[in-house]
Amino acid sequence: MTRDAPIAAVIAVVALGRSVLLVRRWRAPNAAAWGFPGGKIRPGEGHAEAARRELFEETGVTAEPLGAFAAADVVGADTHYVLVAVRMRYRSGEPVAGDDADEAGWFQLEAMPAPLLPDVARIAAEAVAKAEPDGAE
C-alpha cells in the first residue's frame, strides 16, 4: 500500500497510421520495459503542456496535444501514479532516445516490442483507432 497521495503524470501517445511511438526505459523500476514517453506533471503545468514537454525530452519529436483520452493507474509498494494519456498529432522529428529513455522508435500495433508496461497495448489500440492513416487529424 502506498504512503502518499497519488502523483499526477502524463503519457504522450503519438500514432501514425497503425504505428505508435514508444520508448524503452532505463531507470528502475521499469528498466528495459517499453512504454509511451511521459512523466510527472510539474506544478502549474497543464496535462497537454506536460505531454508536449515529456515527448520532446524523451524522443526529440514535436507534436500537438489533441486532448486526454484515457487514464491508467500504476500502483507500487510506495507510490501511486495516475497517468493521463494525451493523444498527440505528430509534427516533426525523428525519434532519438533522451532523458530516461535508452531507445525510441515507431512500432506497428501488431509488432510492438516486449516487455510492454501495463496498459500500453490497450492505450495504443485506442489511439490507433482514433488516428487518421497519415497522422493528420
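The values are calculated or read from the model by the stated rules, or taken from the named source; none is laboratory data. Keep in mind that this is a model prediction, so the values were computed, not measured. A quick note on method: Cβ atoms are made from the backbone with ideal geometry, for glycine too, and the neighbour counts reach across all protein chains shown.
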Here the qualifying pairs (Cβ atoms under 6 Å; residues six or more apart or on different chains; first in the stretch 92-114 and loosely packed, with under 15 Cβ neighbours inside 10 Å and modelled with pLDDT of 95 or more; second part of a loop (DSSP other than H, G, I, E, B) and of a type in the set (Ser, Thr, Tyr)) come out as none
Val82 meets each of (1) assigned to a loop (DSSP other than H, G, I, E, B); (2) surrounded by 13 or more Cβ atoms within 10 Å (Cβ to Cβ); (3) aliphatic (A, V, I, L, M) with one exception, condition (1)
Per the filter on the stretch 59-77, residues on the phi > 0 side of the Ramachandran plot and either basic (Lys, Arg) or exposed (fewer than 13 other Cβ atoms within 10 Å of the Cβ) (or both) are Gly67
What about Ala63, is it within 21 Å of Ile41 (Cβ to Cβ) and of a type in the set (Gly, Ala, Ser)? yes
Apart from one, (1) surrounded by 17 or more Cβ atoms within 10 Å (Cβ to Cβ); (2) modelled with pLDDT of 95 or more; (3) more than 12 Å from the chain's Cα centre (by Cα) all hold for Met88; the odd one out is (3)
- [ ] For Val128, state whether it is among the hydrophobic types (A, V, I, L, M, F, W, C) and over 14 Å from the mean Cα position of the chain (by Cα).
- [x] no
Scanning the stretch 53-84 for residues that are under 21 Å from Glu103 (Cβ atoms) and modelled with pLDDT of 95 or more gives Arg53, Glu54, Leu55, Phe56, Glu57, Glu58, Thr59, Gly60, Val61, Thr62, Ala63, Leu83
For the structure I just gave you, tell me whether Trp26 is more than 25 Å from Ala129 (Cβ to Cβ) and among the aromatic types (Phe, Trp, Tyr). yes
Glu64: passes all of (1) assigned to a strand (DSSP E or B); (2) more than 23 Å from Gln108 (Cα to Cα) but (2)
